[in-house]
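Just so it is clear, none of the values below were taken in a lab; they were calculated from the coordinates. Since the model is a prediction, treat every value here as computed from it, not as a measurement. So basically every Cβ, Gly included, is an ideal-geometry build from the backbone, and we count neighbours across all protein chains shown.
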Amino acid sequence: MPNREITIAPATGKLGVLIPGIGAVSTTLIAGVEAIKRGLSTPIGSLTQMGRLRLGKRTENRSVAIRDFLPLATLDDLCFGGWDLFPDRVDEAAEKASVLDPALLAQVKPALAEIVPYPAVFDPEFVTRLQGTHVKTGATKRELAEALRQDIRDFRARHGCERLVMIWCASTERFVASGECHQTLEAFERGLEENDPLIAPSQIYAYAALQEGVPFANGSPNRCVEIPALLALAQERNVPISGSDFKTGQTFMKTVIAPGLKARLLGIAGWYSTNILGNRDGEVLADPGSFKTKEISKLGVLEQILEPERYPELYGDLHHQIQINYYPPRGDNKEGWDNIDIVGWLGYPMQIKINFLCRDSILAAPLVLDLILLMDLAQRSGFSGIQEWLSF
């Protein structure tokens, strides 16, 4: 957060939301927003819609809804669009995702049917388990980036949007180590011209968004907007960026349990995690390259929370193991198992076991909504670069 007086521009007019990946998460979000606007449901899980702030001293027992305290865009201001590998309208994609009840989808179908995705930028080298039929073509990655920029401009004009936000909800790309093309903006743009194989589609989307002055949030663990080249572009264009995986399922459990164990200074000898899921995300993660991207993100969570370098006696030898299995019968209903071997007073061992039966997209959708509204707030506040204050 900048150490200066903050002037927040008003949230006037339409806020366009552009989403790469019109799959289970994004259709659940869009259908949910339409249902909430019509009074058909409640935005459970959304900080911006249901959270409250304490006012004054604790003993005064005063609080206010966050949405009434902060000058956020309203749900009625939102206008959705995006890109996908398949040409299905949002209502069709939502039906195929099979997350929400058909009866609810039927009530919001007219609004969903109006949203048709643009052809996506896709490279099967980065997502090997999917074959897109609705994709852009171009001689170079620079041409693809320019095509995305034109889509952004067209969407803004067609829908009369005052502001835009882009949030990546597409599949996890395979892990790619940082290369020379990622180090500077000049090298990145040269890589676009030369079709550098290390430049991923998600990075092309982020580049296009930043060049158009659009805040970008990354909902996957892909190496994306955090590369030095795009960090520099975000600062140069004065645009906020955020995100490295939504962390809605098993990783969410880690972020809940690990801080509690650390607060009690209980040791952890090992943490074994496995889960099954059957949606498109699960299918993509069946590829070892995409799984490695996810694994690195999951492994890093405990290291960041527990700080083994500061507490070597408690966490220095922690064995952390992760497994993800694609199991089609489960669909979007993920099931995760965790076994945590903890160490207490005088070194005596204990165990915690967690069986989390969750719905992947139901947990992700409210986070996507919050990121959209808070990234828009960040831009109207003049913030740029990584938004560390969103790491809640």
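Take peptides 259-265, 184-190 and line them up by average Cβ neighbours within 10 Å, highest first, as a rough protection proxy.
Details: 259-265: 12.3, 184-190: 16.4.
Highest to lowest by the protection proxy: 184-190, 259-265.
Listed options for Cα Rg over 2.2 N^0.38 Å are (1) 1.00; (2) 1.19; (3) 0.95. The value calculated from this structure is the one marked (1). Taking packing as the residue-averaged number of other Cβ atoms within 10 angstrom, the listed peptides 270-283, 149-162 run from highest to lowest as 270-283, 149-162.
What percent antiparallel are the DSSP beta bridges of the chain, to the nearest 5?
Values: 24 of 53 bridges.
Roughly 45 percent of the DSSP beta bridges within the chain come out antiparallel.
Between the range 49-124 and the range 232-269, how far is it from one alpha carbon centroid to the other, in angstrom? Cα centroid to Cα centroid, the span is 22 Å.
Extension gain, residue 74-residue 184: 0.36 nm per intervening residue step, less the Cα-Cα distance, totals 35.9 nm.
Placing a pseudo-label 7 Å from each Cα along the Cα-to-Cβ vector at residue 238 and residue 351 gives an inter-label distance of 5.8 nm. Under 5 Å from the amide H of residue 386 lie the amide H atoms of 241, each residue being 5 or more positions distant or on a separate chain, with H modelled from the backbone and absent for Pro and chain starts.
Placing +1 on the Cβ of every Lys and Arg and -1 on the Cβ of every Asp and Glu, with no other charges, gives the range 250-358 a dipole of roughly 220 debye about its Cα centre. Straight-line reach from residue 334: which aspartates and glutamates fall under 14 Å, measuring Cα to Cα and dropping same-chain residues less than 8 apart? Within the straight-line limit of under 14 Å, residue 334 reaches these aspartates and glutamates: 281, 283, 360. With the simple model of a label 7 Å out from the Cα in the direction of the Cβ, residue 8 to residue 131 spans 5.0 nm. Here r is the Cβ-Cβ distance between residue 140 and residue 37 and R0 is 45 Å; the resulting FRET efficiency, rounded to 0.05, is 0.60. Close amide H partners of residue 52, meaning residues 5 or more places away or on another chain with modelled amide H under 5 Å apart, are 66. A dipole drawn for the chain from +1 and -1 charges on Cβ atoms has a positive end, and of 284, 108, 161 the residue lying farthest that way is 108.
Annotation: the residues 332, 76, sorted from fewest to most other C-beta atoms within 10 Å of their own C-beta, follow the order 76, 332.
Karplus-based coupling profile of the range 28-38, in residue order and whole Hz: 5, 4, 5, 5, x, 4, 5, 5, 5, 4, 8, with θ = phi - 60° in 6.51 cos²θ - 1.76 cosθ + 1.60 and x standing for Gly or Pro. Taking the Cα centre of the chain as origin and assigning +1 to Lys and Arg Cβ atoms and -1 to Asp and Glu Cβ atoms, the resulting dipole is close to 1200 debye. Under the definition of Cα pairs under 8 Å and six or more residues apart, what whole-number percent is the relative contact order of the chain? Computed value for the chain: 21 percent relative contact order.
Given R₀ = 22 Å, what would the calculated FRET efficiency be for residue 309 paired with residue 388, taking r from the Cβ atoms and rounding to 0.05? For R0 = 22 Å, the calculated efficiency reads 0.60. Using θ = phi - 60° in the Karplus curve 6.51 cos²θ - 1.76 cosθ + 1.60, the 3J(HN,Hα) couplings for the range 327-332 round to 9, x, x, 7, x, 7 Hz; x is entered for Gly and Pro. Per-residue packing, averaged as other Cβ atoms within 10 Å, sorts the ranges 339-351, 61-73 into the order 61-73, 339-351, beginning with the highest. Our coupling estimate for the range 43-55, obtained by passing each phi through the Karplus curve with A = 6.51, B = -1.76, C = 1.60 and θ = phi - 60°, is x, 5, x, 9, 4, 5, 9, 10, x, 10, 10, 6, 10 Hz, Gly and Pro reported as x.
Cα-based values for the range 209-338, radius of gyration first and Dmax second, are 17.1, 49 Å. Residue separation of residue 59 and residue 177 scaled by 0.36 nm, minus their Cα-Cα distance, works out to 37.3 nm of gained length.
In this simple spin-label approximation, residue 264 and residue 154 carry label points 7 Å from Cα along the Cα→Cβ vector, and these lie 5.7 nm apart.
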